[in-house]
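The values are calculated or read from the model by the stated rules, or taken from the named source; none is laboratory data. The structure presented is a predicted model; accordingly, all values stated were derived computationally and were not measured. Note: ideal-geometry Cβ built from the backbone for every residue, glycine included; neighbour counts use all protein chains shown.
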Amino acid sequence: MALASHSQALNKKLKLGMVINILFTVFEFAVGITSGSLALISDATHNLTDVLSIFISFVGNTLAQRKSTERHTYGYGRASIIAALLNGIILFSLSFYILHAAYNRFYNPEQVEGGIVMLVGFLGICVNGGVALLFLKDRDDLNVRSSLLNMFFDALASAAALIAGIIIKYTGYTSIDALASGFTGVLLLVSASVILFRVVHILVQGVPQHLDITTIKNYLSSFPEVTAVHDLHVWALSSRETVLTCHLVIVNTNLAHIKTQLAAIKFGLETNFDIRHTTIEVESVPCTTQSDSY
């Protein structure tokens with residue numbers, strides 16, 4: 001229930017962020033074309049990816065709320081991860097387009113209105129900073145984090161446009177516009193790479209970066225009745241849900257006591273490691289067995 005309520009609140013923020021970014025993107029594109037600034041057009045393109053990023057986050061978050069079915073027993077938790085993957089691929093592709101355009105503009109500079117570029121660059125910092133604050137509390141969600149990272153780099157791109165506008169206005173050096181655009185392209189490339197790395201890590205079922213498999217194994221082994229831990233696997237179903245499966249060898253005891261110990265183990269996994277999905281197979285043996293295998 002709490003997770004569903006959180007998702008609904010997040011969707012409202014995503015809608016608001018999308019509207020704000022759409023309005024500013026249209027404005028920045030118009031000003032960029034009018035002023036002849038590639039830096040503004042590049043920043044507007046980055047802003048467009050913000051819109052797309054938030055839209056993808058919205059769709060992914062909505063799908064992730066769907067309940068599990070007989071066909072999809074885990075539900076649609078991976079929808080947000082696929083959304084983040086799509087977002088990263090789009091960012092990666094756009095970065096090369098912007099870098100190519102910046103290269104051409106550097107060797108073929110055009111007249112640029114520095115004052116306008118400076119003003120819009122400042123507005124871009126304010127807009128991206130304001131929208132980013134909306135999602136700051138939800139940054140533990142990988143899908144939202146990808147949007148946040150995108151907006152952070154977009155704010156840097158707006159700062160580059162602001163600096164370029166100041167330089168053009170007071171020195172007339174228009175080639176700085178192409179350099180600012182190239183800087184934006186590099187930022188896009190970096191942000192896309194970070195997003196894709198995190199997404200792929202989840203898709204190949206790597207251990208979540210905030211968890212240590214040895215620490216978890218030591219926790220399981222700390223129970224007096226547990227003599228060995230086998231086949232310990234930990235992976236992320238989504239950026240909010242972690243799954244654990246393992247095989248525990250427990251010293252011979254009655255069934256009621258085993259159930260009590262399992263309840264304590266699962267409670268500890270949830271409170272200490274935020275792991276809520278656990279499947280634990282138990283083997284009861286008459287004597288202690290030692291094993292370090294995972």
So SER80, is it crowded, with 19+ Cβ neighbours inside 10 Å and not hydrophobic (A, V, I, L, M, F, W, C): yes
Matching entry among TYR107, TYR74 (being surrounded by fewer than 15 Cβ atoms within 10 Å (Cβ to Cβ), in contact (Cβ under 8 Å) with a residue 40 or more places away in the chain and not β-branched (Val, Ile, Thr)): TYR74
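Return the total of residues in region 63-93 being assigned to a helix (DSSP H, G or I) and of a type in the set (Phe, Trp, Tyr).
Going through region 63-93, the residues assigned to a helix (DSSP H, G or I) turn out to be 63-64, 79-93.
When the remaining residues are screened for being of a type in the set (Phe, Trp, Tyr), the result is 92.
Total meeting the criteria: 1.
Among what's in region 21-45 and is in a helix (DSSP H, G or I) and of a type in the set (Ser, Thr, Tyr), pick the residue that is surrounded by the most Cβ atoms within 10 Å (Cβ to Cβ). Write out each step before concluding.
From region 21-45, those in a helix (DSSP H, G or I) are 21-35, 38-45; that's our starting set.
Add one more test, that the residue is of a type in the set (Ser, Thr, Tyr), and what stays is 25, 34-35, 42, 45.
On the way: THR25: 21, THR34: 11, SER35: 23, SER42: 32, THR45: 25.
Only one residue tops the list, namely SER42.
Checking the conditions here, which among ALA79, ALA44 is modelled with pLDDT of 80 or more and of a type in the set (Gly, Ala, Ser)? I'd like the intermediate steps shown before the answer.
Numbers: ALA79 fails: modelled with pLDDT of 80 or more.
When all the criteria are applied, what remains is ALA44.
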Quick check on my filter: what residues within region 239-265 are aliphatic (A, V, I, L, M) and either at positive phi or under 32 Å from the mean Cα position of the chain (by Cα) (or both)? VAL243, LEU244, ILE265
Can you work out which of the residues in region 162-201 that are touching a Ser or Thr at 6+ places or on another chain (Cβ under 7 Å) and among the aliphatic types (A, V, I, L, M) is farthest from ASN128 (Cα to Cα)? ILE168
Tabulated pairs, region 22-33, first over 15 Å from MET151 (Cβ atoms), second of a type in the set (D, E, K, R), C-beta under 9 angstrom, 6+ apart or interchain: VAL31/GLU113; GLY32/ASP43
Region 228-265, subset of a type in the set (D, E, K, R) and buried (at least 17 other Cβ atoms within 10 Å of the Cβ), residue farthest from ASP138 (Cα to Cα): GLU241
